[in-house]
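Beneath this line is the structure, given in structure tokens, with notes to follow.
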Amino acid sequence: MRIIGGQFRGLHLAPVGEGDAKAHLRPTSDRVRESIFNLLINGGYGDPITGARVLDLFAGTGALGLEAVSRGASRVAFVDDGAAARALLRRNIELTRTMGVTDVWRRDAMRMGPNRGAGYSLVFLDPPYRMGLGEKALASCVEGGWIAPSALVVWEEGVPPVAPQGFDMLDQRSYGDTVVTILRAGE
């Protein structure tokens, strides 16, 4: 697993092996991550990465958020309640030397609570597949004010999710057993 583009391009992240079933660690493959960022950059959404405040839910290794930082995001908040995931995430933050622009929160993504700061303009949502957790996390983020108006949400799932009320589906593509859906939040 490595960073695909930007200032950290080619940097190898901490190894996960085959993943950790107990911790639900299933890192986004380099190929799928590259496809996601190509969709964001070339999808007609302007430049959703440079200067963005990014919220990485079910962050796992943090590869999606760190890829965003590598490509110019101003800040990334990583949310994961798993100890194994947070340990890997902290190691990857050390490897990229991004301590000053990242936050790691031990929090249940389905119970975010109120946001005390500005909303996030780019949200990565990569829950354990086929458990309905993405819908719950997105609802929690909307309720707590975590998502900025017109924010983009990149949702990885095992089956095509339906766009929740208040979101428009912009794109949906399959990569093997992964379905990537891009949503835009309402104003």
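Arrange VAL180, VAL123 by Cβ neighbour counts within 10 Å, fewest through most, would you? Walk me through the numbers before you get to the answer.
Details: VAL180 21, VAL123 26.
The most exposed by this proxy come first: VAL180, VAL123.
Packing, as the average of other Cβ atoms within 10 Å across residues, places the peptides 76-83, 5-12 in the order 76-83, 5-12, highest first.
When VAL142, VAL104 are arranged by Cβ crowding within 10 Å, least crowded first, meaning fewest neighbours, the order is VAL142, VAL104. Where is the GNM fluctuation largest for the chain (alpha-carbon springs, 10 angstrom cutoff): PRO48, PRO160, PRO114? Between PRO48, PRO160, PRO114, it is PRO114 that shows the largest mean-square fluctuation. Each residue, ASP171 and ILE41, gets one label point 7 Å from its Cα in the Cβ direction; the gap between the two is 1.2 nm. Separation of region 66-90 and region 102-138, taken as the distance between their Cα centroids, equals 12 angstrom.
At a Förster distance of 30 Å, what's the computed FRET efficiency of ASP81 paired with VAL162, Cβ-Cβ distance as r, to 0.05?
After rounding to 0.05, the efficiency reads 0.75.
Here the residues ILE4, ILE147, ranked from fewest to most Cβ neighbours within 10 Å of their Cβ, fall in the order ILE4, ILE147.
Computed per residue of the chain from DSSP H runs no shorter than four, each worth -39500 (n - 2.57), the mean residue ellipticity at 222 nm is -8000 deg cm²/dmol.
In the chain, what % of DSSP beta bridges are antiparallel (nearest 5)? Numbers along the way, then the final one.
Values: 16 of 34 bridges.
For the chain, the DSSP antiparallel bridge percentage is about 45.
The order of the peptides 38-46, 150-158 by mean Cβ neighbours within 10 Å, most packed first, is 150-158, 38-46. Potential lengthening of the chain between GLU143 and TYR129 amounts to 2.8 nm, from the contour at 0.36 nm per residue minus the alpha-carbon distance. Measuring nothing but how far apart in sequence close Cα pairs (under 8 Å, 6+ apart) lie, relative to its length, the chain scores a relative contact order of 17 percent.
Indicate the gyration tensor shape class of region 75-133 (rounded, prolate or oblate), computed on the Cα atoms with a ≥ b ≥ c the square roots of the eigenvalues: a/c under 1.5 is rounded; otherwise a/b larger than b/c is prolate and the rest oblate.
oblate
Quick note: the coordinates plus some simple rules give every number you see, no bench work behind them. On a predicted model such as this, the values are computed, not experimentally measured, just so you know. For neighbour counting, all protein chains shown are included, and Cβ atoms are generated from backbone atoms with ideal geometry for every residue, glycine included.
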